[in-house]
Amino acid sequence: MLARKSRWLAIALLFSLAPIGCPAGTIAQSGKPSVAPILHAVTPAVVNISTKKVEMVNNPALRDPVMRELFDIPDRALRRETQAAGSGVIVDAARGYVLTNDHVVKGGTNIEVITKDNRRFKAQLVGRDQATDIALLSIKADGLTAIPLGDSDSLEVGDFVLAIGNPFGLGQTVTSGIVSALGRTGLGIEGYESFIQTDAAINPGNSGGALVTLDGQLVGINTAILSRAGGNVGINFAVPINMARLVMAQLIANGEVKRGRIGVSLRTPGSEAGRSGEIEGAIIESVEPQSSAALAGLAKGDLVTTANGIPIKSSAQFRNFIGLTPVGTEIDLTVRRGNSPLAAKVRVEPVLQKRAAQNAKQN
């Protein structure tokens, strides 16, 4: 009880400082702390998604052709239609683009988008990417509202966020919390992971919904919860919008994400001999002969510190960066070899389809 009271006191203090840092519009006319003005602006952009799916019935007796003939069981009995509900976010009102999770629409034969004002539209699947659990839909509609895309790289632990979605199919629901951690990896949820962790309550049905800052910027797509019982326990994950933005660009251009690689294996530095303090970056463990990394002069033991000017903090971040960079693009790298900084240009090579799964672990 004391912890909850302290949390709301902190929120109240935040709002009381509106003139020196809190976004305009977060103080209601009555003077009480409120995020209602922000929600008035962003909630019309969060939609419900209804997906009809055809699943195969897992019954050995029904699959046995002798049994089906003996009891005159039709083939349609092997299939059943189910309906699933999730959430989505309008990110381009003019073109009707809606971001959501891949698992929300995967296998869907009929996808319907329902706006906050209860309009229903049949959605077309522009493309989906299972490795990041991101999918892009399009609808033809007038009068749509989109949420401005923010910069998830600028988030800090402790920033206040709002989660908006359709939990348990109840209808649009808003919860609040803070950013609990950044760059979460190794959870085995997706192939490319760099999750925003938040304690804003997320439950089944919230998948594909919006994670929004207090100035109304979309910084994440709510994706998963960590729970043994299947309900919210305050450990929830969202795909950073900067990652989703890169995926969306490729889905619009190609209908899929074409994975790239440079031909290295990586690891995150630990306590390295000869270096003091906390070390960030990605250490190159090996370089494939004749790969683009080899041709760029990269070598085992090099510590990659920046890519296109972006600080690299871990091997997972660099792996994600490579995997989401369009094939054929050159990346400007800064590396440390011993105590000497070096610059290198490396071209992202295409990945064969059969190696795509391996590429989530090696680049």
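The values are calculated or read from the model by the stated rules, or taken from the named source; none is laboratory data. Since the model is a prediction, treat every value here as computed from it, not as a measurement. All Cβ positions, glycine included, derive from the backbone under ideal geometry; neighbour counts span all protein chains shown.
Structural remarks
- Members of region 302-326 that are more than 20 Å from V247 (Cβ to Cβ) and surrounded by fewer than 15 Cβ atoms within 10 Å (Cβ to Cβ): G309, P311
The rows are residues; the columns are (1) modelled with pLDDT under 90; (2) of a type in the set (A, V, I, L, M).
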residue: D64; (1), (2): yes, no
residue: E69; (1), (2): yes, no
residue: D75; (1), (2): yes, no
residue: A94; (1), (2): no, yes
residue: V98; (1), (2): no, yes
residue: N118; (1), (2): no, no
residue: Q124; (1), (2): no, no
residue: G127; (1), (2): no, no
residue: I147; (1), (2): no, yes
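- Some residue of region 159-178 being of a type in the set (F, W, Y) and more than 28 Å from E112 (Cα to Cα): yes
- Within region 259-278, restricting attention to residues that are in a loop (DSSP other than H, G, I, E, B) and among the hydroxyl-bearing types (S, T, Y), the residue that is modelled with the highest pLDDT is T268.
- In region 28-62, residue nearest to G107 (Cα to Cα) [restricted to those that are modelled with pLDDT under 60 and surrounded by 13 or more Cβ atoms within 10 Å (Cβ to Cβ)]: L62
- Test: residue in region 154-163 that is surrounded by 15 or more Cβ atoms within 10 Å (Cβ to Cβ) and of a type in the set (S, T, Y): no
- Unmet requirement for A146, which otherwise passes all of (1) closer than 19 Å to R184 by Cα; (2) out of contact with any Phe, Trp or Tyr (no Cβ under 7 Å at 6 or more places or on another chain); (3) part of a loop (DSSP other than H, G, I, E, B); (4) in contact (Cβ under 8 Å) with a residue 60 or more places away in the chain: (1)
- Residue in region 129-143 that is outside the structural domain of T198 (by TED's automatic domain parsing), closer than 17 Å to F237 by Cα and polar (S, T, N, Q) present: yes
- Of the criteria (1) more than 24 Å from the chain's Cα centre (by Cα); (2) farther than 17 Å from E349 by Cβ, which one A294 fails: (2)
- Residue in region 160-170 that is in a strand (DSSP E or B), of a type in the set (V, I, T) and not assigned by TED's automatic domain parsing to the domain that holds I49 present: yes
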